[in-house]
Amino acid sequence: MSQRRSDPHITWDSFSEGLWRNNPVFVMLLGMCPVLAVTNSAMNALAMGLATTFVLVASGYLVSLLSRFIPRQVRIATYIVIIATFVTIIDYVIQAISLDLYNSLGAFIQLIVVNCMILGRAEAYASKNRPMKSVVNALGMGAGFTFALLCLGGVRELLGTGALFGFDLFGPQFQPWVVMVLPPGGFLVLGAWLLLFDWLKQRREQKQLAISGEQTNAV
Amino acid sequence: MSTAEQQLQVPQSPSISMMVVLSSIAMVSGFLVVLVSQLTAPIIAENQRRAIERALVQVIPGSVSHEEFLLQDGKLLPAEDSAAGESVYAGYDANGELVGIAARAAAQGYADMIHLLYGYDPACECIRGIKVLKMAETPGLGDKIIKDADFLANFDALDASVDMQQMALVNPIIMVKHGSKQHPWEIDAISGATISAKAVGKALNQSAQALLPQLLPLMQQLERQEQQP
């Protein structure tokens with residue numbers, strides 16, 4: 001058991017892992033279905049991100065709490081039941097908050113169940129860590145996911161309709177770039193963001209390489 | 001994980017423990033789902049009622065209160081008494097006078113079914129407004145049917161008068177090419193959103209042809225129902 005329970009301390013890294021280093025969308029490329037499908041407006045992206053975060057945190061907590069009692073053979077089935085429970089709950093809650101939002105998100109709320117990021121976190125993190133640490137990590141992952149969805153949704157809504165969160169920014173003479181709110185726009189904007197993030201990563205690595213190179217030279 | 005620990009964790013017959021764990025988790029999750037469903041059901045129903053109410057105010061101009069009826073085999077029933085039948089909404093002004101009725105219509109659009117609500121004014125025998133309830137039309141093209149002011153102006157007074165035999169509309173509601181509307185029963189299409197606009201016309205025509213001839217003889221009932229309470 002001691003091997004399974006890795007470092008029990010909650011560090012900044014257990015939160016920030018999902019934000020940047022292992023961002024579920026930009027680095028791990030997980031959960032692409034909602035990423036591409038619902039990011040045609042910033043509001044949808046935010047709602048989807050928050051809903052996914054709730055499911056991540058709640059299922060992470062429960063999986064971590066129950067992991068000792070769950071036989072290995074049925075763990076995936078159990079995780080799916082737990083995840084589906086929270087997805088159904090958030091489905092009702094969104095309906096209660098706003099019907100318009102519910103209609104614009106459509107079937108993608110129910111499809112959070114099959115978001116591989118959530119199952120992946122339950123299997124790879126929550127079942128091996130303490131409940132509080134899993135919650136902190138799930139919060140970070142959820143924040144990273146929401147951030148990524150907002151990056152896509154914001155750009156697509158801005159270019160596709162000239163508005164952000166429904167507020168018109170450019171006035172009536174703006175000619176909307178309609179393809180951006182259509183499915184192909186999702187791929188285009190995602191590709192652009194991935195390019196940017198990869199370029200940033202490579203530049204950082206090269207810098208580190210140059211620093212370590214200098215140090216070895218100095219020595 | 002060592003084998004000793006594994007044996008400690010898993011009881012003698014693992015299939016029993018699997019069943020126990022799975023069924024207890026399923027029970028807990030069932031309990032949670034039912035709890036949340038019960039808690040949110042009244043709020044969701046209230047939201048849906050408000051959404052319909054908002055749509056009704058839009059399609060029946062001047063209406064303040066509304067009542068739902070069900071049309072079943074040529075008879076009107078209050079919505080509470082029956083589950084089957086087609087919903088018809090009656091809109092009344094502040095004095096309780098009937099100012100219009102509304103009904104649902106649907107037709108296949110470009111992406112999916114377009115569901116809409118339309119308001120009929122018995123005084124001018126015309127359709128006074130439409131409101132799209134649900135659609136999945138292409139943003140920027142097909143969704144002009146809810147945004148385009150010129151298109152929506154078609155429904156300020158769209159003629160839908162019923163003929164003498166009360167069998168059908170005098171003039172079927174038809175869609176014409178953009179800019180060639182000549183008669184009050186024609187709908188000016190949107191260029192670039194022809195399929196979506198045509199679907200709206202088709203939905204209105206189908207529903208009005210079927211519903212209005214049935215409904216007009218029953219108009220008295222709609223008024224009397226309101227004055228009783």
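The values are calculated or read from the model by the stated rules, or taken from the named source; none is laboratory data. Note that the coordinates shown come from a computational prediction; the quantities given were computed from them, not determined experimentally. Don't worry about glycine lacking a Cβ; one is built from the backbone with ideal geometry, like all the others, and counts go over all protein chains shown.
Some points to look at:
- Residue among B:Met164, B:Met175 that alone is surrounded by 19 or more Cβ atoms within 10 Å (Cβ to Cβ) and modelled with pLDDT under 80: B:Met175
- Only residues that are small (Gly, Ala, Ser) and either crowded, with 24+ Cβ neighbours inside 10 Å or not in a helix (DSSP H, G or I) (or both) were counted in region A:112-136, giving 3.
- Residues in region B:46-61 that are surrounded by fewer than 16 Cβ atoms within 10 Å (Cβ to Cβ) and either more than 10 Å from chain A (Cβ to nearest Cβ) or more than 11 Å from the chain's Cα centre (by Cα) (or both) were compared, and the one that is modelled with the highest pLDDT is B:Glu46.
- Lone qualifier among B:Asp156, B:Asp150 - being farther than 18 Å from B:Ala106 by Cα and not in a loop (DSSP other than H, G, I, E, B): B:Asp150
- Residue ID - nearest to the chain's Cα centre (by Cα), chosen from residues in region A:59-71 that are facing chain B (nearest Cβ under 10 Å) and either among the polar types (S, T, N, Q) or assigned to a helix (DSSP H, G or I) (or both): A:Leu62
- Total residues in region B:19-45 satisfying the condition of being at the interface with another protein chain (Cβ under 7 Å from one of its Cβ atoms), hydrophobic (A, V, I, L, M, F, W, C) and within 18 Å of A:Ala84 (Cβ to Cβ): the figure is 7.
Per-residue answers, yes or no, for (1) surrounded by fewer than 23 Cβ atoms within 10 Å (Cβ to Cβ); (2) over 30 Å from B:Pro14 (Cα atoms); (3) not hydrophobic (A, V, I, L, M, F, W, C):
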| residue | (1), (2), (3) |
| --- | --- |
| A:Ser16 | yes, yes, yes |
| A:Met28 | yes, yes, no |
| A:Gly31 | no, yes, yes |
| A:Met43 | yes, yes, no |
| A:Ile83 | no, no, no |
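- Screening B:Ile187 with (1) within 14 Å of chain A (Cβ to nearest Cβ); (2) assigned to a strand (DSSP E or B) gives one miss only, at (1).
- Scanning region A:156-208 for residues that are basic (Lys, Arg) and within 14 Å of chain B (Cβ to nearest Cβ) yields a total of 1.
- Annotation: A:Ser104 fulfils all but one of (1) within 11 Å of chain B (Cβ to nearest Cβ); (2) in contact (Cβ under 8 Å) with a residue 60 or more places away in the chain; (3) over 16 Å from A:Gly49 (Cβ atoms); the unmet one is (3).
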